[in-house]
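Encoded as structure tokens, the structure appears first; notes follow it.
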Amino acid sequence: MTFISQLIERRCIDKYVFLFILTVSLTLASCFSVAGDSNKKVTHHRVLISGFEFVPDKLQVKKGDSITWVNKDIAPHNVMMSNYNEKISPNLLTDEEFTFKITSGFDYECGLHPSMIGKIIISD
Amino acid sequence: MLFNKVTTGTRALTKSIFTIGISACLLISCANASSDKKTALTDANIAAIVVGANNIDISAGKIALQRSKNPEVQKFAQTMIDDHTAVLNSAVALVTRLGVTPVNNDLVTTLAKQSSDHEKNLRSLSGVAFDKSYIDHEVAYHQAVIGVIENQLIPSAHNKELKDTLISVLPAFKAHLKHCQMIQSNI
């Protein structure tokens, strides 16, 4: 900023012109930033819990995608990472749903009914 | 090592024979109870069987929650209570809406008598003996009930909604069977 201050003091550059250039630069930078983010297409997937199965039981997704599990059974279910025994959803009652942003692939199961299993595969 | 393998093998065989034995007894008595008088099951009978079968497993689950110290058995028992309560509530809501009043038949009486004997036995056990008896019976009971639903209740149901409900609850009983078989293999 010292260099710019010297330029302004020496009247090489008007301070209002400087402020204008700064504002335009910041606006353009933020526009490009938003455009960059929107290039990453985020897909929202749905997995039905029906008939004591995850449907589909295997799902290919990209990092950053999200998955919503919807319980259509009359019994409660949840989603638990198999390798860590870590429950990532609460118990879902009929018609309740849970959304999770995917950062890595994992095997999962219903923590209440271990015969119900599913797999998330990262495709990129 | 060889002795251990033989012992483990013998245990597994004994467990299988025991489970098959209970299952056969339940199935034979269920089949006899429903075929003795050669009377077809009505929707009212089916409603009574569904209510009775769910109540039996809820009741056994409550005993297991009180007496078992095994976390897997306790977790399974809680799941049985929650799931069978959900199925029971759904069935009661349906028959109430349909105006069907449950009517007991020989199968309900047989199931109730077996359940009473089983619960009496469970209350006399503790520790691993309790867990084994509870889980072995759950395996046999779910096998028997799946057979009854598939072979007797679904074919006999007259009302389409009742038939659809019976079809929709089958996966629950099959998932429970797999779950208790997993626990059985670790006890």
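The values are calculated or read from the model by the stated rules, or taken from the named source; none is laboratory data. Quick caveat: nothing in here was measured; it's all calculated off a predicted structure. In this analysis, Cβ positions are derived from the backbone assuming ideal geometry, glycine residues included, and neighbour counts consider all displayed protein chains. Calculation scope for accessible area: heavy atoms of the full protein, side chains included, ligands and nucleic acids excluded. Shrake-Rupley method; radii C 1.70, N 1.55, O 1.52, S 1.80 Å.
Quick notes on this structure:
- Members of B:62/B:163; A:72/A:119; B:113/B:178; A:72/B:62 lying beyond 21 Å, as alpha-carbon distances in this model show: B:62/B:163; B:113/B:178; A:72/B:62
- Per-residue HN-Hα couplings for the range B:47-54 [Karplus 6.51, -1.76, 1.60; θ = phi - 60°; Hz; x = Gly/Pro]: 4, 5, 5, 4, 4, x, 4, 5
- Counting only other chain Cβ atoms within 10 Å of each residue's Cβ, the peptide A:75-81 averages 3.
- Database remark: amide H of residue B:70 closer than 5 angstrom to no amide H (H placed geometrically; neighbours at sequence offset of 5 or more, or on other chains; Pro and chain starts carry no H).
- Order of exposure, largest accessible area first, which applies to A:94, B:79 with probe 1.4 Å: A:94, B:79
- Once both labels are positioned 7 Å from their Cα atoms along Cα-to-Cβ, the gap between residue A:97 and residue A:122 label points is 2.5 nm.
- Prolate/oblate/rounded label for the range B:103-187 (Cα gyration tensor, a/c 1.5): oblate
- Long-range amide H partners of residue A:117 with built H, under 5 Å: A:54
- By average C-beta atoms within 10 angstrom, highest first, the peptides B:49-59, B:98-108, B:119-129: B:49-59, B:98-108, B:119-129
- Rough spin-label spacing in nm, given labels placed 7 Å along Cα→Cβ, for residue B:187 and residue A:55: 3.3
- Estimated FRET transfer efficiency when R0 is 41 angstrom, pair residue A:83-residue B:120 (beta carbons, to 0.05): 0.45
- Take each residue in B:44-52, count the other chain C-beta atoms within 10 Å of its C-beta, and the mean is 0.
- With a simple spin-label model that places each label point 7 Å from the Cα along the Cα-to-Cβ direction, the separation between residue B:161 and residue A:43 comes to 4.0 nm.
- Between residue B:92 and residue B:65, the contour length at 0.36 nm per residue exceeds the alpha carbon distance by 7.2 nm.
- Candidate aspartates and glutamates for bridging to residue B:132, where Cα separation is under 19 Å - those fewer than 8 sequence places away on the same chain excluded: B:57, B:72, B:117, B:119
- Summed side-chain charge close to residue A:119 - residues other than residue A:119 whose Cβ falls under 9 Å, Lys, Arg +1, Asp, Glu -1: -1
- Listed by chain and number, the aspartates and glutamates whose alpha-carbon sits under 18 Å from that of residue A:101, ignoring those within fewer than 8 places in the same chain, are A:37, A:57, A:65, A:86, A:109, A:124.
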